[in-house]
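> My structure is below; once you've seen it, I'll send some questions.
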Amino acid sequence: MKLDLLAALNEECAARRATVLITEIASGQQRLVREKDIPADPLRHRLQEHLTLRTSGLIEEGDKQFFLDVHVPPVKLLVIGAVHVSQALAPMAAGLDLMVTIIDPRTAFASPERFPGVALLAEWPDEVMRRIRLDRNTAVLTLTHDPKIDDRALAEALRSDCFYIGALGSRKSHAQRLERLRATGFGEDDLVRIHGPVGLNIGAVSPGEIAISILAEIISLLRQDRRQARKATEG
C-alpha cells in the first residue's frame, strides 16, 4: 500500500470513520473510499452492501475483480453503573470485541478491584459523554437505578447518534423515567430510542443472565442491517 493511502486510512480509523480500501486484482491498483463518498462511487452498491455487513471480500464488476477491505470502527459500549450486572457484562462484552467503559461517580462502586482490566471512570456520565465522541458505533447502557445518574446519561445519549440506548428497570420505573425526560423537552421520537426494560425477554433473573439478555439485544440491533441484507440476497 502506498504511504499516502496508508496515512489516509490511519486518519479515518483514528477519527472512527468507516472506509473501504479497494484493490483491483488484475492491476493491483488501490484507492480508498470514505463512507461519505460511497454514494458517488461507481461501485457504490457493492461498497454499501459490504459496509452494512461489516465484511471484506472479493467482488466482480463487469469483467474486473476487486477486493474490498472494509474498515469499520469497533463498537464502544458505555456502561453507566458499576453494579453487579456490569461485573458480569464487562468480560462477556470484551469477548465480543466491544470496547467497554464503566462510568459511575460513586467511588465506592467504581473501584479497580471490582473491575480488573476494565476501563473505569469514577465521574458523572454526562461530563464523560460530552468529552468523548458518541457516534453511531456507540451503545449506551444505564444500570444504576438512580435518576440523578442515569437520566443525565440518557439525555446525552438521546442527543447523539449512538445506535443503542438501554435502561435497566421495571416497566413502572421506565414509565417514570420517560416522564422525567419528557419534562426536560424530549419528544416521543426521541424516547422511543430507549430500550426499557432493557434486554431481550428471556426470563433473566441473575446478574449474569441479565447481562446476556442485554448483550443479545445489542448484537441483534447491531446486526439488524446485516440480517436484512442477507435476507434480501437470499430472497
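> Between Ala26 and Thr107, how many nm apart are label points set 7 Å from Cα along the C-beta direction?
Once both label points are built, they end up 6.7 nm from each other.
> Using unit Cβ charges (K, R positive; D, E negative) and no other charged atoms, how large, in debye to the nearest 20, is the dipole of the stretch 3-71 about its Cα centre?
240 debye
> Using Cα atoms only, what is the angle between the long axis of helix 44-53 and the major principal axis of the chain, expressed in degrees (0 to 90) to the nearest 10?
40 degrees
> Specify the angular offset, from 0 to 90 degrees and rounded to the nearest 10, of the alpha carbon long axis of helix 224-234 from the longest principal axis of the alpha carbons in the chain.
Roughly 40 degrees between the two axes.
> Evaluate the charge dipole of the chain about its Cα centre and quote only its size in Debye, nearest 20, assuming +1 on the Cβ of each Lys and Arg and -1 on the Cβ of each Asp and Glu.
360 debye
> Then there is this: Please list, short to long, the whole-number percent of alpha-carbon pairs of the chain in consecutive 5 angstrom bins beginning at zero.
Spelled out per bin, shortest first, that is 1, 6, 13, 15, 16, 13, 11, 9, 7, 5, 2, 1, 0.
> Rank the residues Ile218, Ile202 as a footprinting-exposure proxy: fewest other Cβ atoms within 10 Å of their Cβ go first.
Final ranking by Cβ density, sparse to dense: Ile202, Ile218.
> What list of whole percents do you get for P(r) of the stretch 136-231, with Cα-Cα distances grouped in 10 Å bins up to the one holding the largest distance?
15, 47, 31, 7, 0
> Right, another one. In sequence order, what are the phi-derived ³J(HN,Hα) couplings for the stretch 29-38 according to the Karplus relation 6.51 cos²θ - 1.76 cosθ + 1.60 with θ = phi - 60°, rounded to whole Hz, with x for glycine and proline?
5, 10, 8, 10, 10, 7, 4, 5, 9, 4
> Report, for the chain, the % of DSSP beta bridges that are antiparallel, rounded to 5.
Within the chain, antiparallel bridges account for around 45 percent of the total.
> Hey, another quick one. Can you compute the label reach from Val192? Point 7 Å from Cα along the Cβ direction, backbone N cut-off under 12 Å, restricted to the stretch 161-179.
none
> With springs only between Cα atoms under 10 Å, which of Leu58, Leu143, Leu77 fluctuates most in a Gaussian network model of the chain?
Leu58
> In what order do Thr107, Thr138 fall by count of nearby beta-carbon atoms within 10 Å, going from fewest to most?
Sorted ascending by nearby Cβ count, the order is Thr107, Thr138.
> Next question. Per the helix-only calculation at 222 nm, which mean residue ellipticity applies to the chain, given -39500 (n - 2.57) for every DSSP H run of n ≥ 4 and division by its residues, nearest 500 deg cm²/dmol?
-12500 deg cm²/dmol
> Quickly work out the Arg133-to-His45 label distance, labels modelled 7 Å from Cα along the C-beta direction, and quote it in nm with one decimal.
In this crude label model, His45 to Arg133 measures out at 3.2 nm.
> Leaving out same-chain residues fewer than 8 places away, which lysines sit with a Cα under 25 Å from that of Lys172?
Lys148
> Another question, if that's okay. Shape of the stretch 14-150 from its Cα gyration tensor (a ≥ b ≥ c, root eigenvalues): rounded if a/c is under 1.5, otherwise prolate when a/b > b/c, or oblate?
prolate
> Now for a different question. Net charge around Leu21, counting only other residues with Cβ within less than 12 Å of its Cβ (Lys, Arg = +1; Asp, Glu = -1)?
My count for the surroundings of Leu21 gives 0.
> Could you work out the relative contact order of the chain, using alpha carbon pairs under 8 angstrom and six or more residues apart, expressed as a whole percent?
Reported relative contact order: 15 percent.
> Sort Thr55, Thr23 by Cβ crowding within 10 Å, fewest neighbours at the top.
Going from sparsest to densest Cβ surroundings: Thr55, Thr23.
> If I stretch the segment between Arg17 and Asn201 completely, what's the gain in nm (0.36 nm per residue apart, minus their alpha carbon distance), one decimal?
62.9 nm
> Still on this model: Using the Kirkwood radius over Cα pairs, work out the Stokes-Einstein diffusion coefficient for the stretch 154-200 at 25 °C and 0.890 mPa s, in µm²/s as a whole number.
Calculated translational D: 228 µm²/s.
> Report, to the nearest 10°, how far helix 84-95 tilts away from the longest principal axis of the Cα atoms in the chain, using its own Cα long axis and a range of 0 to 90°.
Long axis of 84-95 versus the principal axis of the chain: about 10 degrees.
> So, in Å, what gap is there between the alpha-carbon centers of the stretch 15-64 and the stretch 68-97?
Taking the Cα centre of the stretch 68-97 as reference, the centre of the stretch 15-64 is 27 Å away.
> What is the pair-distance distribution P(r) of the stretch 3-71, computed from all Cα-Cα distances in 5 Å bins starting at 0, with each bin given as a whole percent?
Per 5 Å bin, starting at 0, the Cα pair percentages come out as 4, 17, 30, 27, 16, 5, 1, 0.
Just so you know, all these numbers are worked out from the coordinates, no wet-lab data involved. Since we're looking at a predicted model, the values are computed, not measured. Here the Cβ is made from the backbone with ideal geometry for all residues, glycine too, and neighbour counts use every protein chain on show.
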